[in-house]
Structure formats: structure tokens, C-alpha cells
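*Asks:* Okay, handing you the structure first.
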Amino acid sequence: MHVHKALTIAGSDSGGGAGIQADLKTFQELSVFGMSALTAITAQNTLGVSGIFPLSVEAVAAQIDAVASDLAPDAVKTGMLFDRGIIACVSEKACLYGWEKLVVDPVMIAKGGAPLLKAESIDAVKTLLLPVTYMLTPNIPEAEVLTGLSLTTIEARKEATRMLSSFGCRYVLLKGGHDDCNEYSTDLLFDGTSFTEYVGKRVHTQHTHGTGCTFSAAITAELAWGKTPWAAVDTAKQFIQAAIEQPLGIGAGHGPTNHWA
Ligand code: PLP
């Protein structure tokens with residue numbers, strides 16, 4: 001049996017809906033062996049984040065080295081990276097181990113407003129991480145922060161993906177889920193030349209905690225299987241659409257993604 005393997009470098013969500021937990025559950029559902037390097041521990045539930053405890057750069061580097069030197073992931077994803085030191089470490093390890101399929105979800109702020117990336121580290125994402133990124137998966141607010149553009153029109157979104165790809169990433173998937181005015185959630189995949197649209201019917205729900213992590217983890221799992229970026233996004237979009245349409249309904253706040261859907 002050939003085992004497909006994926007590594008997630010991200011924060012722990014004690015509530016189990018986002019972060020490392022979402023990534024590993026998604027890998028499992030998509031028949032990929034999941035491995036992890038924790039960057040931070042968060043204390044959180046569906047009502048919000050009550051504590052953030054970052055790990056040292058040494059701790060992150062040691063986890064990545066242990067995994068990469070023995071278990072050779074077929075694809076890698078990043079979630080919450082928290083600060084410049086951890087971003088620099090991931091960038092260095094990506095070069096050292098020659099990761100081709102590195103999916104970067106530029107996680108910045110949790111839905112409740114807690115910062116998962118220090119504001120002064122945003123530049124490091126652009127200069128250190130994007131040059132080694134295979135696919136960048138920002139939502140609209142994240143892409144606005146990274147580009148400084150206001151992304152209210154489709155033309156502006158296309159411009160933003162072009163700008164982001166000029167930082168060095170091979171593919172940019174700009175997710176449309178935050179465009180609440182639209183009955184459809186349309187994601188744009190840019191390959192440096194042309195655009196592919198992925199359209200899903202909007203679901204009006206507050207139970208979307210961890211959807212970004214889950215979507216990018218599903219893409220990573222599909223890439224670990226050797227799928228093309230277009231096929232990987234297509235399968236991941238179906239996975240996340242089903243998850244949002246069938247919420248688990250647990251917790252009093254923003255309920256977690258249903259990884260079984
Ligand atoms: N907590 C952690 C550790 C995460 O990695 C993420 C990912 O984006 C979140 C929280 C965000 O959760 P939410 O979907 O509620 O914004």
C-alpha cells in the first residue's frame with residue numbers, strides 16, 4: 001500500500017474545530033496520513049479565544065526536522081504562524097527539505113477578533129513565505145491586508161491575485177466566502193496566467209468556525225495524493241460545501257466545521 005502523507009504546521013484549537021485539529025481530521029477523512037508541527041496552543045471554544053501560548057522557534061524547528069527527516073511529507077500546509085520568527089523558520093525549512101507542495105493559509109485573525117498573526121509579521125509572509133509557496137489560500141479580508149487593495153469588485157480581486165502571485169507563489173486561491181452580499185461563494189484560482197472559478201451556493205449560518213483551515217487542509221490532502229491544483233480545489237470545495245451545509249450544532253457560539261460531512 002502506498003501511503004500519502006501530509007504535514008500541517010499550525011496552532012492548536014482546543015475546541016477542535018479549527019487549527020491542527022481541523023487539519024488532522026480533514027487529512028484522515030481524505031485518506032492521508034496526517035502529521036503536525038504545533039506553532040502555538042490556543043485556549044478556545046465556539047465562543048472565542050481565551051488564551052494564546054506561542055511555542056519557541058526551536059520547538060517548531062525541532063518538530064519539522066523530526067518529521068521531514070524521516071517521514072517525507074508529500075504536501076505541507078501552514079495555518080497560524082503567529083510571528084516573524086516562526087515564519088522565517090518555516091521558509092528556511094521549506095527550502096532545506098525542498099517542499100514542492102506547500103499550501104499557505106495566511107491565517108491572521110480569528111472570527112472573534114483574536115490575533116493569530118502579529119500585525120508586524122505580515123511583511124514576513126510576503127517576503128519570506130510567498131516565494132516558497134505553491135498555493136496561497138487567502139480569504140477576502142486577508143487578501144486585502146496583504147495587497148492593500150479594497151476587494152469589492154471581481155476586477156479588484158483579479159488584480160489582487162496577480163499582485164499576490166508576483167510575490168512568488170505558483171497558485172493563488174482567493175476565497176469568496178466573506179462576500180456576504182452574494183448568493184454564491186465564488187473562489188478564484190489564478191495560475192499566473194488564467195483564472196478558474198469555483199462556485200458554491202452561499203449558506204447563511206454562523207457555524208463556520210474552522211472552515212478556512214479545513215478547506216486548505218483538504219486541498220493539501222488532495223495534493224498529497226498527486227492531484228492537480230484544479231482537481232484538488234474542486235474536491236476540497238465540495239468537501240467544505242458539504243461541511244457548511246450540515247453543521248454539527250454543538251457549542252453556544254460559532255459552531256465547528258463538520259469534518260464527517
Ligand atoms: N484558531 C486556530 C488555532 C486557527 O488556526 C484558526 C484558523 O484560522 C482559527 C482559530 C480561526 O478560526 P475561525 O474559523 O473561527 O476564524
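Residues checked against (1) closer than 22 Å to F27 by Cα; (2) surrounded by 20 or more Cβ atoms within 10 Å (Cβ to Cβ); (3) in contact with a strand residue (DSSP E or B) (Cβ under 7 Å, 6 or more places away or on another chain); (4) not hydroxyl-bearing (S, T, Y):
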site	(1), (2), (3), (4)
R84	no, no, no, yes
A88	no, no, no, yes
L117	no, yes, yes, yes
T153	no, no, no, no
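*Asks:* Let me ask something else about it. Is it the case that the stretch 11-23 has a residue that's surrounded by fewer than 22 Cβ atoms within 10 Å (Cβ to Cβ) and more than 15 Å from the ligand (Cβ to nearest atom)?
*Replies:* Looking for residues that are surrounded by fewer than 22 Cβ atoms within 10 Å (Cβ to Cβ) and more than 15 Å from the ligand (Cβ to nearest atom), one finds none in the stretch 11-23, hence no.
*Asks:* Kindly provide the set of residues from the stretch 177-198 that are more than 17 Å from K126 (Cα to Cα), modelled with pLDDT of 95 or more and not aromatic (F, W, Y), ordered by number.
*Replies:* D187, L188, L189, D191, T193, S194, T196, E197
*Asks:* Further, regarding this structure: Considering only the stretch 104-111, I want to know if a residue exists there that is out of contact with any Pro (no Cβ under 7 Å at 6 or more places or on another chain), at pLDDT below 95 and over 30 Å from T228 (Cβ atoms).
*Replies:* yes
Okay, residues lined up against (1) surrounded by 20 or more Cβ atoms within 10 Å (Cβ to Cβ); (2) within 22 Å of G17 (Cβ to Cβ):
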site	(1), (2)
F190	yes, no
I219	yes, yes
F239	yes, yes
A252	no, yes
T257	yes, yes
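*Asks:* Any idea which residue in the stretch 124-156 is farthest from K93 (Cα to Cα), counting only those that are touching a Gly at 6+ places or on another chain (Cβ under 8 Å) and assigned to a helix (DSSP H, G or I)? Give the steps one after another, and end with the answer.
*Replies:* Within the stretch 124-156, the first condition is being touching a Gly at 6+ places or on another chain (Cβ under 8 Å), and the residues that meet it are 130-133, 137, 139-140.
So of that shortlist, the ones also assigned to a helix (DSSP H, G or I) come out as 130-132, 140.
Numbers: L130: 14, P131: 13, V132: 10, I140: 28 Å.
Among those that are touching a Gly at 6+ places or on another chain (Cβ under 8 Å) and assigned to a helix (DSSP H, G or I), it is I140.
*Asks:* Moving on. Looking at K93 and the list (1) of a type in the set (K, R); (2) within 16 Å of the ligand (Cβ to nearest atom); (3) assigned to a helix (DSSP H, G or I), which single condition is not satisfied?
*Replies:* Unmet for K93, out of (1) of a type in the set (K, R); (2) within 16 Å of the ligand (Cβ to nearest atom); (3) assigned to a helix (DSSP H, G or I): (2).
*Asks:* If you check every pair at least six apart or on different chains, which have Cβ atoms under 6 Å apart with a residue in the stretch 167-188 that is farther than 16 Å from D234 by Cβ first and a residue that is assigned to a loop (DSSP other than H, G, I, E, B) and of a type in the set (V, I, T) second?
*Replies:* Final answer for the pair search is C169/T133.
Here is a yes/no grid of residues against (1) aromatic (F, W, Y); (2) in contact with a helix residue (DSSP H, G or I) (Cβ under 6 Å, 6 or more places away or on another chain); (3) without any contact (Cβ under 8 Å) to a residue 60 or more places away in the chain:
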{"residue": "L7", "(1), (2), (3)": "no, yes, no"}
{"residue": "A18", "(1), (2), (3)": "no, yes, no"}
{"residue": "K25", "(1), (2), (3)": "no, no, no"}
{"residue": "E29", "(1), (2), (3)": "no, no, no"}
{"residue": "A43", "(1), (2), (3)": "no, no, yes"}
{"residue": "G48", "(1), (2), (3)": "no, no, no"}
{"residue": "I52", "(1), (2), (3)": "no, no, no"}
{"residue": "V67", "(1), (2), (3)": "no, no, no"}
{"residue": "K77", "(1), (2), (3)": "no, yes, no"}
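Okay, residues lined up against (1) of a type in the set (S, T, N, Q); (2) touching a Ser or Thr at 6+ places or on another chain (Cβ under 8 Å); (3) at pLDDT 95 or above:
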residue: G11; (1), (2), (3): no, yes, yes
residue: G15; (1), (2), (3): no, yes, yes
residue: A18; (1), (2), (3): no, yes, yes
residue: D23; (1), (2), (3): no, yes, yes
residue: F27; (1), (2), (3): no, yes, yes
residue: G34; (1), (2), (3): no, yes, yes
residue: A40; (1), (2), (3): no, yes, yes
residue: Q44; (1), (2), (3): yes, yes, yes
residue: L47; (1), (2), (3): no, no, yes
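The values are calculated or read from the model by the stated rules, or taken from the named source; none is laboratory data. Please read all numbers here as calculations on a predicted model, not as lab measurements. All Cβ positions, even for glycine, are placed from backbone atoms using ideal geometry, and neighbour counts span all protein chains on display.
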